[in-house]
1. Enumerate the pairs (first residue in the stretch 1-23 and hydroxyl-bearing (Ser, Thr, Tyr) and at pLDDT 95 or above; second residue anywhere and open to solvent by 10 Å² or more (accessible area, probe 1.4 Å) and part of a strand (DSSP E or B)) with beta-carbon separation below 8 Å, excluding pairs fewer than 6 apart on the same chain, so at least 6 apart or on different chains.
2. Quick check on my filter: what residues within the stretch 239-250 are within 19 Å of residue 9 (Cβ to Cβ) and open to solvent by 40 Å² or more (accessible area, probe 1.4 Å)?
3. Sort out for me the strands (runs of 3 or more DSSP E) sitting completely within the stretch 34-129 that have 1 or more residues that are modelled with pLDDT under 95.
4. Only one of 159, 154, 189, 117 is open to solvent by 30 Å² or more (accessible area, probe 1.4 Å), closer than 25 Å to residue 241 by Cα and without any contact (Cβ under 8 Å) to a residue 24 or more places away in the chain; which?
5. When the residues of the stretch 251-284 are narrowed to those that are at pLDDT 95 or above, aliphatic (A, V, I, L, M) and within 19 Å of the chain's Cα centre (by Cα), which ends up least open to solvent (accessible area, probe 1.4 Å)?
6. Of all the residues that make up the stretch 51-75, how many are without any contact (Cβ under 8 Å) to a residue 12 or more places away in the chain and under 21 Å from residue 216 (Cβ atoms)?
7. Looking only at the stretch 246-265, count every residue that is within 13 Å of residue 186 (Cβ to Cβ) and either touching a residue at least 60 places away in the same chain (Cβ under 8 Å) or of a type in the set (Val, Ile, Thr) (or both) and tell me the total.
8. Any idea which of (1) surrounded by fewer than 24 Cβ atoms within 10 Å (Cβ to Cβ); (2) in contact with a Phe, Trp or Tyr (Cβ under 8 Å, 6 or more places away or on another chain); (3) of a type in the set (S, T, N, Q) is the one residue 89 doesn't satisfy?
Amino acid sequence: MCRLFGLHAGAHPVRATFWLLNAPDSLSIQSRKEPDGAGIGTFDAAGNPHVAKQPLAAWEDHAFAREARDLKSTTFLAHVRYASTGALTLVNTHPFEQDGRIFAHNGVLRGLEKLDARLVELGAMDLVQGQSDSERLFALITAETRAADADVRAGILGAVRWIARELPVFSLNFILTTATDMWALRYPATHELFMLERHPVEASPLDARSERIRSRSTELSRSAHVLFATEPMDHNPGWRPLASGELVHVGPDLEVTSSVAFPDPPAHLLALDDLEPAAAASQAP
């Protein structure tokens, strides 16, 4: 299953170190399927997006993801990919950047021919560079956001409602971020997505760890921040799972707003057994 990690550090950039893969130093890790891509998105002081990513087809490529990466940004978005749709190429590797926003997805949707037709109708097919369902999901959100005068929440609502009505869906969990705002969606209940509002009163460095992604920052021992992840990444009891259909927004001042924007399941909900073997393997916990 793809791993998502989002960090909103507030209005001022902070330094954080990221590792996108653990070193394969145990049989338990070596025996598991190796991921197919990894990447991280950040924003510079002017608010311009930067994405560093690599498909992981060889040992040398995995070294890219295992090296410590020291970054400075107000928001960070990391993703480790297990491919369900699309070749193991750079254009299919997350995160994706469109219109100055960065996006990563964990899940599967089908009916891409119909989705492509919708993108053509909206004049947004030029946003798609690869073959993945994730990039097309982002392109639809971008197209709907453009139609809503750059209102990202309206763009998410329009895109996800259309997909939930028209396409077969397994999971649409995603994180979308700018330099100032971050949105996270869990939909439907297929995969979990967690969030943590972490406060400086804890007076300890951020040291968030999972099997595939690690982030550490001493600066974040002194300021509040919000985390999203596919699994709790430390023992903090404040981690909570998003509800199915819950859309969370974190603003520039770290104000968190949330609603169950999609209370009903997709009209054409897919089960794991409905996926072809490669896609099903990519979605295993």
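1. 17/69; 17/70; 17/71; 17/216
2. Once the filter is applied, which keeps residues that are within 19 Å of residue 9 (Cβ to Cβ) and open to solvent by 40 Å² or more (accessible area, probe 1.4 Å), the stretch 239-250 yields only 249.
3. In the stretch 34-129, 37-43, 49-55, 69-73, 75-81, 101-106 are the strands (runs of 3 or more DSSP E) which contain 1 or more residues that are modelled with pLDDT under 95.
4. Only one candidate passes the filter, namely 154.
5. 261
6. Residues meeting the conditions: 1.
7. Number of matching residues: 7.
8. Just one mismatch for residue 89, condition (2).
The values are calculated or read from the model by the stated rules, or taken from the named source; none is laboratory data. Source: prediction; values computed, not measured. All Cβ positions, glycine included, derive from the backbone under ideal geometry; neighbour counts span all protein chains shown. Accessible surface areas use protein heavy atoms only, side chains included; no ligands, DNA or RNA. Shrake-Rupley method; radii C 1.70, N 1.55, O 1.52, S 1.80 Å.
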